[in-house]
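K.L.:
One structure coming up, written as structure tokens, with questions to follow.
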Amino acid sequence: MPTRTLKDTIPIKTRHRPGGLCHVAQASWPVSGFLSLLLICGASAAFGQTISGLVKDTQGAVIPSAVVTLTARDNTAAAASITDSSGRYRFDHVSPGDYLLEAAAAGFESSAQLVSIQKSDQANVDFELRVAAVETNVTVTASGTAQTTDELSKAVTVVDAAAIDASDEPSIADALRYVPGLRVTQLGGPGALASIKTWGLRDEDTAVLVDGFRIRDASAEKGDATSLLSDLVVTDLDRIEVVQGAGSSIYGTNAIGGVVNLITGSGGGPTRGSILTEGGSLGMFRGRADLAGSLLGDRLGYSLGISHYDVLTGVNGDEPSRTSSAQGRIDYNLSAKTHLFGRILASDSFGKLTSSPEAFGNLPASGIINAVPLSGSQFASYEAGAPLTALNYGNATFIPDADNSDYTLDNRIFSGAVRLTTHASESLDLSASYQGLITRRTYGDGPAGAGYQPTGSTQSYYDGDIHTAAARMDWRIGKHNLLDAGYEFEYEKYGNRAVMPSPADNFAVEVSQESQTLFVQDQISLLGDRLQIAGSARAQFFTLQQPVLTPANSAPYAGMTFAAPPAAQTGDGSAAYFFRKTGTKIRVHAGRGYRAPSLYERFGTYYSSLFGYSAYGDPRLQPEHSIGADTGIDQTLWNGRVRLSATYFYTELQQVIGFDSTGLINPATDPFGRFEGYLNTNGGLARGVQASASLAPTRSTNLLASYTYTNARERTPLVENVLVTLDVPANQFSLAATQRIGSRFTLVFDLLETSNYLAPLVDAVTFATRPYRFPGRNYAEFGGSYRIPMGERRALRLFGKVSNLFDQSYYESGYQTPGATATGGLQYQF
């Protein structure tokens, strides 16, 4: 049964690491280095190890079409097999080492086992699956090492592909909307800017990974992944793992509040796939195709997905968007001790943007303003070109985002990653990896549209390149201790080019930086694996390059020598103890987080021929630092059918990067002559409680409910004298319910409720930023699907969904969002 499952809990068991794999953090190795490593690793004997077995239920009946997944303990290899009509599965050409073997089938509880494979082993591993419960012992990769959920020491939520399909979620942002502790927002309809906040922190405080590799936009203001989220659609996806709490010592920059890790579908086994087509409200059309299987006698597993998501009309009938995406993965066993992993991700999107919402009306001189939108008729007049003075605004206090017919965004993403792993000895694995990440954003705007507009057509180009290389070792020291350590090199480049109505105003900037990182993680398992302890540390060192600005005359930063920016140093520790008799686990975690300053924050500039250069960036900026702690208890009841969890969290942003326009920066003493710009300043804190309950009252029913209370405050007001953190509701409740009727029919109901929140709007007349109070979200979705079997593995699935079931007229920070919408489609599975 497809479900969202909540899985929190105990650090890693430290048995010997899997062989035939080269774990690779993010990396950028010269081709010659990879070829040399390939030749060394490839000089291994031929291999023929096999794992096979039977999957059955507690009554002894075999379970056909169950999915059995094999994952190396160092998270460098994965393969899948599907049981045949007799309930049997098989994996050939398995390298020596330790693996997690997991079996899953609709309507049953997933089960995972640790398997140790030695040279020439022919292992037989059978599974007996119980009726579905919420306490499932499955495999996740949250710490960079494959673990079962009983081994985790942090709060982790897993959303699998079956749950995403059952809820008919087209994008990653949609799939994360109901995850406990996350606030997911979208400034408008499909394709609009999306963001993720974890435990009341900022958008840039959640890191995004794909198969453990960081992805972010080097050309974005904060250098984070926010500008990419709306283009991450569901394509070739196995699951999403959400890790909450400070994790920079493991994941690097931006992991102050948590990590979202997208896991690509595993290949291997017989050829399988699906073709999906869907359409509905807002002129929406979606098509998706997935294919997976194996080649070369099952030595090479592959998966591939392509999708196209098109919205022809959008919220106001004139907000089209489209996203085309492709993603693929290979896992190749080169020899008995060597494994090659490769992955590509590509996306091309285009959308029409709207103008920003504006503060307007009979407003008080100061204080928080209740958000009341301009009436429909007056808003239509404004969009048609009526000046502000001609509007009858009544009791309205803001103008929603307005149509802007020539304002567009073209966004392209390409990421390619490769990882090579070798099993050097029974206790040591070595790996190397490389990821190249390229982002290209182009904004176009012209004179058409309401409010302030440029006098002619403009084009702004933002180019980001990140190349990351890493080497890592996984070393088992004794029976209970696992040590991971490594080195990472990253090259990052930012480019911005503007083509203005007057060629004299054209300008360009290009700048790059390098960083070198050392990291280590130690995981200890004691007292029969009931006590799990983990600690990690990370140090990152930066080197800045001289920026190139055009025109060069009077360019800021010219001729200056930049000292090496301060290093970013972090640490992390966690522990958990599991009382097996009572099904109780207590856990505690504390760590430091950091975010490296973006290149825009260091060297951001604007140029006009009339006023010359305006510099905003400061190359001297220090990394942002935070300290966070969380502690919780997890309780399993009723033979695993009920799981309760409660977590207290606290994060203090000790030093952040802010933008000042209030006079703190003195141009007489500032080395770059700035009147305003970026500077290190005080942060704030976010604290609260998260509680959740997962229930499986029957074999066909699954429920997940969660509530999060967040108290987030700033030390320095961001708007007027308001210390409450913006865009963070104090209360958030979510409910996800799945009901199966027979073996073919599935119903899904999702609900999200939030309290009101504060957001800033710029006054259309005075250009001052004012604080607004917006009503909370009351959002529900109801959908169903019917599966028609057409053979042993072939089926046709019909599905449909109604979103915003209560038809709430909702403005996300002033941006209009869709009313009630309906979609439907079909999926052919083979």
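K.L.:
Take the residues in region 597-647 that are small (Gly, Ala, Ser) and outside any strand (DSSP E or B); name whichever of them is modelled with the lowest pLDDT.
P.N.:
Gly640
K.L.:
Could you identify the single residue in Ala568, Ala558, Ala564 that is surrounded by 13 or more Cβ atoms within 10 Å (Cβ to Cβ), touching a strand residue (DSSP E or B) at 6+ places or on another chain (Cβ under 7 Å) and of a type outside the set (Val, Ile, Thr)?
P.N.:
Ala568
K.L.:
Something else: Only one residue in Ile275, Ile256 is modelled with pLDDT of 95 or more, part of a loop (DSSP other than H, G, I, E, B) and over 17 Å from Ser347 (Cα atoms). Which one?
P.N.:
On inspection, the qualifying residue turns out to be Ile256.
Residues are listed down the side, and each one gets a yes or a no for (1) in contact with a Lys or Arg (Cβ under 8 Å, 6 or more places away or on another chain); (2) of a type in the set (Gly, Ala, Ser); (3) part of a strand (DSSP E or B):
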position	(1), (2), (3)
Phe489	no, no, yes
Lys493	no, no, yes
Ala498	no, yes, yes
Pro501	no, no, no
Ala504	no, yes, no
Val511	yes, no, yes
Ser515	no, yes, yes
Ser525	yes, yes, yes
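K.L.:
When you check Gln732 against the structure, is it modelled with pLDDT of 95 or more, surrounded by fewer than 20 Cβ atoms within 10 Å (Cβ to Cβ), under 29 Å from Leu703 (Cβ atoms) and polar (S, T, N, Q), yes or no?
P.N.:
no
K.L.:
Where in region 719-830 are there strands (runs of 3 or more DSSP E), lying fully within it, with 1 or more residues that are farther than 30 Å from Ala396 by Cβ and touching a His at 6+ places or on another chain (Cβ under 8 Å)?
P.N.:
none
K.L.:
When the residues of region 47-63 are narrowed to those that are farther than 25 Å from Arg329 by Cβ and surrounded by fewer than 16 Cβ atoms within 10 Å (Cβ to Cβ), which ends up modelled with the highest pLDDT?
P.N.:
Val62
K.L.:
Out of Ala132, Ala146, Ala163, report the one residue that is in contact with a Ser or Thr (Cβ under 7 Å, 6 or more places away or on another chain) and either among the acidic types (Asp, Glu) or modelled with pLDDT under 70 (or both).
P.N.:
Among Ala132, Ala146, Ala163, only Ala146 is in contact with a Ser or Thr (Cβ under 7 Å, 6 or more places away or on another chain) and either among the acidic types (Asp, Glu) or modelled with pLDDT under 70 (or both).
K.L.:
Among the residues of region 374-417, what is the count of those that are surrounded by 16 or more Cβ atoms within 10 Å (Cβ to Cβ), farther than 21 Å from Gly446 by Cβ and of a type in the set (Phe, Trp, Tyr)?
P.N.:
3
K.L.:
Another one. Within region 209-223, restricting attention to residues that are charged (D, E, K, R) and over 16 Å from Gln435 (Cβ atoms), which residue is nearest to the chain's Cα centre (by Cα)?
P.N.:
Only one residue tops the list, namely Lys222.
K.L.:
For region 735-763, give me each residue that is charged (D, E, K, R) and either touching a helix residue (DSSP H, G or I) at 6+ places or on another chain (Cβ under 7 Å) or at pLDDT below 95 (or both).
P.N.:
Arg740, Arg744, Asp763
K.L.:
Here's something else I'd like to know. Scan (1) without any contact (Cβ under 8 Å) to a residue 40 or more places away in the chain; (2) in contact with a Phe, Trp or Tyr (Cβ under 9 Å, 6 or more places away or on another chain) for the single condition Phe659 breaks and write down its number.
P.N.:
Just one mismatch for Phe659, condition (1).
K.L.:
Can you work out which of the residues in region 64-95 that are charged (D, E, K, R) and buried (at least 24 other Cβ atoms within 10 Å of the Cβ) is modelled with the lowest pLDDT?
P.N.:
This residue is Asp74.
K.L.:
What single numbered condition from (1) more than 30 Å from Arg440 (Cα to Cα); (2) crowded, with 17+ Cβ neighbours inside 10 Å; (3) in contact (Cβ under 8 Å) with a residue 60 or more places away in the chain; (4) out of contact with any helix residue (DSSP H, G or I) (no Cβ under 8 Å at 6 or more places or on another chain) fails to hold for Gly297?
P.N.:
(2)
Rundown of residues vs (1) within 24 Å of Asn496 (Cβ to Cβ); (2) modelled with pLDDT of 90 or more; (3) in a strand (DSSP E or B), yes/no style:
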residue	(1), (2), (3)
Arg412	yes, yes, yes
Thr421	no, yes, yes
Ser433	no, yes, yes
Gly436	yes, yes, yes
Pro447	yes, yes, no
Asp465	yes, yes, yes
Thr468	yes, yes, yes
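K.L.:
Follow-up question, since we're still on this one. I'd like the full set of residues that are out of contact with any Gly (no Cβ under 7 Å at 6 or more places or on another chain), at pLDDT below 80 and either surrounded by fewer than 17 Cβ atoms within 10 Å (Cβ to Cβ) or assigned to a loop (DSSP other than H, G, I, E, B) (or both), limited to region 96-108.
P.N.:
Across region 96-108, the qualifying residues are Ala106, Gly107.
K.L.:
Sticking with this structure for a sec: Out of all the residues in region 585-596, is one or more in a loop (DSSP other than H, G, I, E, B) and within 23 Å of the chain's Cα centre (by Cα)?
P.N.:
yes
K.L.:
Something else now. Hey, does region 571-593 have a residue that's crowded, with 23+ Cβ neighbours inside 10 Å, among the small types (Gly, Ala, Ser) and over 28 Å from Lys154 (Cα atoms)?
P.N.:
Within region 571-593, none of the residues are crowded, with 23+ Cβ neighbours inside 10 Å, among the small types (Gly, Ala, Ser) and over 28 Å from Lys154 (Cα atoms).
K.L.:
Let me ask something else about it. Taking region 555-569 on its own, how many of its residues are at pLDDT 90 or above and either part of a loop (DSSP other than H, G, I, E, B) or under 23 Å from Ser525 (Cα atoms) (or both)?
P.N.:
Residues meeting the conditions: 4.
K.L.:
Only one of these is in contact with a strand residue (DSSP E or B) (Cβ under 7 Å, 6 or more places away or on another chain) and surrounded by fewer than 22 Cβ atoms within 10 Å (Cβ to Cβ): Thr543, Thr468, Thr455. Name it.
P.N.:
Unique residue meeting the criteria: Thr543.
K.L.:
Can you name every residue in region 240-250 that is over 26 Å from Ala80 (Cβ atoms) and touching a Leu at 6+ places or on another chain (Cβ under 8 Å)?
P.N.:
none
K.L.:
Leu420 fails exactly one of the following numbered conditions: (1) hydrophobic (A, V, I, L, M, F, W, C); (2) in contact (Cβ under 8 Å) with a residue 60 or more places away in the chain; (3) surrounded by fewer than 17 Cβ atoms within 10 Å (Cβ to Cβ). What is the number of that condition?
P.N.:
Tallying (1) hydrophobic (A, V, I, L, M, F, W, C); (2) in contact (Cβ under 8 Å) with a residue 60 or more places away in the chain; (3) surrounded by fewer than 17 Cβ atoms within 10 Å (Cβ to Cβ), Leu420 fails exactly one: (3).
K.L.:
What tally of residues in region 473-504 results from selecting those that are basic (Lys, Arg) and at pLDDT below 95?
P.N.:
2
K.L.:
May I pose another question? Looking only at residues that are surrounded by fewer than 22 Cβ atoms within 10 Å (Cβ to Cβ), closer than 14 Å to Val642 by Cα and more than 27 Å from the chain's Cα centre (by Cα) in region 677-717, which one is modelled with the lowest pLDDT?
P.N.:
Taking the candidates together, the pick is Arg699.
K.L.:
Please specify each residue of region 747-761 satisfying the condition of being over 14 Å from Ile368 (Cβ atoms) and surrounded by fewer than 17 Cβ atoms within 10 Å (Cβ to Cβ).
P.N.:
Across region 747-761, the qualifying residues are Leu747, Glu753, Ser755.
K.L.:
Take Leu388 and tell me if it is closer than 30 Å to Asn721 by Cα, touching a residue at least 40 places away in the same chain (Cβ under 8 Å) and touching a strand residue (DSSP E or B) at 6+ places or on another chain (Cβ under 9 Å).
P.N.:
Yes, satisfied.
K.L.:
If I filter region 191-210 down to residues being assigned to a loop (DSSP other than H, G, I, E, B) and at pLDDT 95 or above, which single residue comes out as surrounded by the fewest Cβ atoms within 10 Å (Cβ to Cβ)?
P.N.:
Among those that are assigned to a loop (DSSP other than H, G, I, E, B) and at pLDDT 95 or above, it is Leu193.
The values are calculated or read from the model by the stated rules, or taken from the named source; none is laboratory data. Every value quoted in this text rests on a predicted model; they were computed, and no experiment measured them. Every residue, glycine as well, gets a Cβ built from its backbone with ideal geometry; the counts of neighbours run over all protein chains shown.
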